[in-house]
Amino acid sequence: MKRYTLDDLARLVDHTNLHADATRADMEKLCDEARRYHFRMVAINSVQSRLCSNLLAGTDVHVGAAIGFPLGQTSIATKVFETRDAIENGANEIDYVVNLTEVKAGNWGYVRDEMDGIVSVCNETAVPSKVIFENCLLTQDEKIALCEIASEVLPTFVKTSTGFSTGGATVEDVRLMREHVDARVKVKAAGGIRTADDFLAMVAAGAERIGCSAGVPIMEELRSRMEAEGVGYYEL
């Protein structure tokens, strides 16, 4: 078990706004909240990379660009280009969606080549990489196969979900991914995490990053709990 202060918990949050109709004012609000609560990252569509990088200049909050989002249905070359473009425009973390068509076809060579191509670009500039599985659309065997590929390629994280499909993160999936991926690869839970109980359950199951749009109310709920309980940390 590990001790987490409120700030430690906040530093697990990828504060998210990936809506297609997000405005500049929405991005400004997202970045302001991330700065005030000391979240780890803002998770945004790649086209917002430059704006959010400028808004967060001088802070330690990262800009995380979503690549091939939310369907993953673009070519490897397109995803690699989008990754490079996002990094050149200020993104310093990358979350990309695997090609689920190729996963369903069992074309594991393609899936590995895609992962290797994107992770290699990230490694060139020491940018953390996250591979989004979209577990709600996968069988157990497919999830495990992706973990095995990730154990060879070594992205920084494997991630449960986009939050835009038929389901989000589950404790069971976090545990499965943690069990089957190399210890050097971390697990990110994302999708449908809206309460403090959800958040703590994902961390207890092994998630080392939490992607959610409800980071602010979750942190306020945790703050209130800690104050009421007279504790300065939780052990998870």
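Each reported figure results from applying straightforward, stated rules to the coordinates on display, with no laboratory input. Computed from a predicted model, the values in this text were never measured in an experiment. Note: ideal-geometry Cβ built from the backbone for every residue, glycine included; neighbour counts use all protein chains shown.
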Handout entry: Too-long pairs where the Cα-Cα distance tops 30 Å, listed order kept, from LYS2/LYS79; LYS2/LYS29; LYS2/LYS143
Key = LYS2/LYS79; LYS2/LYS29
Completion exercise
Which of PRO217, PRO155, PRO70 fluctuates most in a GNM of the chain (C-alpha springs under 10 Å)? That residue is PRO217
Exercise for the section: Write down Rg/Rh for the chain, rounded to two decimals, with Rg from the C-alpha atoms and Rh from the Kirkwood relation over Cα pairs. Expected result: 0.95
Fill in the blank from the handout: Most fluctuating of THR170, THR83, THR125 in the GNM of the chain (C-alpha, under 10 Å) is THR125
Problem - Counting DSSP beta bridges with both ends in the chain, the antiparallel % (nearest 5) - result: 5 percent
Handout entry: Sequence-separation-based contact order of region 3-235, relative, with Cα cut under 8 Å and 6+ spacing, percent
Key = 18 percent
Handout entry: Footprinting exposure proxy for VAL111, VAL203 (fewest neighbouring C-beta atoms within 10 Å first)
Key = VAL203, VAL111
Exercise for the section: List ARG209, ARG178, ARG36, ARG50 from most exposed to least, where exposure is judged by having the fewest other Cβ atoms within 10 Å. Expected result: ARG36, ARG50, ARG178, ARG209
Problem - At q = 0.13, 0.20, 0.21 Å⁻¹, base-10 log of I(q)/I(0) for region 126-210 (Debye sum, equal scatterers on each alpha carbon) - result: -0.34, -0.82, -0.90
Completion exercise
Largest fluctuation, ASP198, ASP173, ASP95 only, Gaussian network model of the chain with Cα springs under 10 angstrom, belongs to ASP198
Completion exercise
Listed by chain and number, the aspartates and glutamates with an alpha carbon less than 17 angstrom from that of LYS104, same-chain partners under 8 positions apart left out, are ASP113, GLU114, GLU134, ASP141, GLU142, GLU148
